[in-house]
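Before any comments, here is the structure.
Taken together, the values in this text are just the output of simple stated rules run on the coordinates, not laboratory data. Computed from a predicted structure; not experimentally measured. We place every Cβ from the backbone using ideal geometry, glycine too, and count neighbours over all the protein chains shown.
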Amino acid sequence: ETGVTQTPRHLVMGMTNKKSLKCEQHLGHNAMYWYKQSAKKPLELMFVYNFKEQTENNSVPSRFSPECPNSSHLFLHLHTLQPEDSALYLCASSRQPNTEAFFGQGTRLTVV
Amino acid sequence: GESVGLHLPTLSVQEGDNSIINCAYSNSASDYFIWYKQESGKGPQFIIDIRSNMDKRQGQRVTVLLNKTVKHLSLQIAATQPGDSAVYFCAAWPRRRDSSYKLIFGSGTRLLVRP
């Protein structure tokens, strides 16, 4: 295990639902990230938090809303998603930006 | 711009042979590169990294080579085993300060190990 835990592992939601993805790291890292991994596409960075402050929003639609209450926890709130948002959502953390990033197992999201 | 690309989507090797996975990066990419391995149903797992002040770095059965002249990165796996079957990604941290937090990934090479 990498020390980065994501829940749930699988999620199926309707387009009108609201759900949240959770990420937790016990590595003492200061930076946390959300990535989206779709089939046959490179990992896409969505958000970056450093010391609980959002430092990057990679043009992500507002139906994805991140929250970082402390350096150990990161959430991704989802509402009114589209079927094309179905993907593997990966959380990662690093001691600081520009150092090795550790990934969680991901949440497999299916929007129906 | 910033880009990282892998040369082959799939690589098939015989068990016991050496594997070489290649990656190219653009002029504005990072001083720091990482290779990740992703098995089915799991998140990417760190394999080895290298900074641009080095040409070569070795780990356990893995070697990363960096050729800054042609902006090329490779991962060599010695005596490939069935457990090495996975998708391999190269990743880079952009050198520019205004995007210093953005870890950019290539599209991945799937390594298939034949028994």
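For this structure, a couple of remarks:
- Backbone geometry of segment B:103-115 corresponds, through the Karplus equation with coefficients 6.51, -1.76 and 1.60 at θ = phi - 60°, to 3J(HN,Hα) couplings of 7, 9, 10, x, 7, x, 10, 8, 9, 10, 9, 8, x Hz, x marking Gly and Pro.
- Column: log10 I(q)/I(0), Debye, Cα scatterers of the protein assembly as shown, q = 0.13 Å⁻¹: -0.76
- Most mobile listed residue (B:A79, B:A92, B:A24) in chain B, GNM with C-alpha springs under 10 Å: B:A79
- Relative contact order of chain A, taken over Cα pairs closer than 8 Å and 6 or more residues apart, is 38 percent.
- For chain A, the cysteines with no partner cysteine C-beta closer than 4.7 Å are A:C68.
- Mean separation of Cα contacts under 8 Å (6+ apart) over length of chain B, as relative contact order %: 37 percent
- Size of segment A:39-83 as Cα extents on the principal axes (Å, biggest first): 31, 24, 17
- Once Rg and the Kirkwood radius are both taken over the C-alpha atoms of chain A, their ratio Rg/Rh works out to 0.94.
- Within segment A:1-43, the proportion of Cα pairs with more than 15 Å between them is 60 percent.
- Estimated inter-spin distance, A:S65 and A:E53, nm [label 7 Å along Cα→Cβ]: 2.3 nm
- Debye log10 I(q)/I(0) at q = 0.11, 0.16 Å⁻¹ for chain B, Cα point scatterers: -0.33, -0.68
- Summed residue charge, Cβ within 14 Å of B:S40's Cβ, Lys/Arg positive, Asp/Glu negative: +3
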